[in-house]
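Here is the structure we will look at.
The values are calculated or read from the model by the stated rules, or taken from the named source; none is laboratory data. Model, not experiment: these values are computed from the prediction. In this analysis, Cβ positions are derived from the backbone assuming ideal geometry, glycine residues included, and neighbour counts consider all displayed protein chains.
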Amino acid sequence: MKKILFLSLTMVAVIITSCNQPTKNKEMVRKDVFGSHNGKEVYLLTLTNKQGNVIRLTNYGAKINWIEVPDKNGKKENITFGYDTFEETLKGDMSFGSVVGRFANRIAKGKFTLDGVVYNTPVNNGPNTLHGGPAGWHSVVWNTEVLKDSKFPAVKFTYLSPDMEEGFPGTVNASVTYTWTDNNEIVMDYTCSTDKRTIVNVTNHAYFNLHGAGNGNILDHVLTIKASAFTPVDSVMIPTGEIRPVAGTPFDFNTPHTIGERIGDKYDQLILGLGYDHNYILDNKEEVDVTVYEPVSGRMLEVITDQPGMQLYTGNFLDGTKIGHGGKPFMYRSGMCLESGHYPDSPNHADFPTTVLNPGETFKSTTIYRFSVK
């Protein structure tokens, strides 16, 4: 699996320390009370880089709430789904910007076997468990630490997931560190450790619309995915076990295509999911795994990951009932997701890359969202 090179990040930079460093960090990260949940304080954290561009995070679900970046004319706009208040966040879509776990994506029939023991997880997506269940990591308050020794604005969220939470074995110590670089990169560093054999699959579930969140659909976004194959699914969106080459299918984005160009094709997998909602098997050979370009604004998103899969979801079930920032409704296909991780239902497919985490091991993974214009 490829290693990610962070030439623009802290790991290759000399961190300058001085007596006014705490003041600089305070300026880069503002921490405000957003609300409270189950007796714990919920924060909204505003991270500002040297370009003056802003992202906002909350420790409820370790969510990305806001990404404000310029278009080719310098006009800044938020390009991700989120809510203005904590009350709206609590009542709204569970997945917007969340870190999802303990197992991201679907588990067939809410059941898997590990070391001969059958574990049952809550069913919340037809007959399946989705994104760790209804009370997964997206719905808990994480501990919050503003990193004072970081060159760039950075926040670390940690959560101790108890044994058998949502049916998953083992007490898991999970963390995600968000770093907002001066190159307009959101760097997400994940770690997990456990005291008992378990399964782990972690991702971020941000929705993107490079026109601006709530501004039209994403069908004109030009997409490139460096993947030679994908995992077809059955009628309830569970992988059949087939590894299908993308060549000659509407799933081939190795060369750029708009999302809308073939989404309506009479192809078995598009009919099943009413659009794209599938895991791509990444080639992991180049630095950038996925590129999205929106030609009107000129905004571009690049996704870089060390994970073997990427779930492409094209907002097929958005229907305008979710109202986000500024009272804007999120309409049909008005947002897309690019969820790095392992394949759906991996614990029930022995030939898929393993998601088992053992005591004494540490799961580590990094995914980057890089924003630019052209």
Pick from F208, F253: which is out of contact with any Cys (no Cβ under 6 Å at 6 or more places or on another chain), more than 29 Å from Y60 (Cβ to Cβ) and crowded, with 19+ Cβ neighbours inside 10 Å?
F253
Breaking point among (1) within 18 Å of F253 (Cα to Cα); (2) touching a strand residue (DSSP E or B) at 6+ places or on another chain (Cβ under 9 Å); (3) of a type in the set (D, E), for D268
(2)
Can you confirm whether E361 is in a loop (DSSP other than H, G, I, E, B) and in contact with a Leu (Cβ under 8 Å, 6 or more places away or on another chain)?
no
Would you list the strands (runs of 3 or more DSSP E) that sit entirely within the range 99-186 and hold 2 or more residues that are more than 29 Å from F34 (Cα to Cα) and either at pLDDT below 95 or over 19 Å from the mean Cα position of the chain (by Cα) (or both)?
111-114, 117-120
Which of the residues belonging to the range 277-311 are of a type in the set (D, E, K, R), farther than 18 Å from N105 by Cα and buried (at least 17 other Cβ atoms within 10 Å of the Cβ)?
D289, E294, R299, E302
Anything in the range 312-348 that is polar (S, T, N, Q) and crowded, with 24+ Cβ neighbours inside 10 Å? List them, or say none.
T314, S334, S340, S346
Just need a number here: residues in the range 289-331 that are over 27 Å from I238 (Cα atoms) and of a type in the set (A, V, I, L, M).
4
Just to check your reading of the model, which residue among M331, M300 is hydrophobic (A, V, I, L, M, F, W, C), under 20 Å from L219 (Cα atoms) and part of a loop (DSSP other than H, G, I, E, B)?
M331
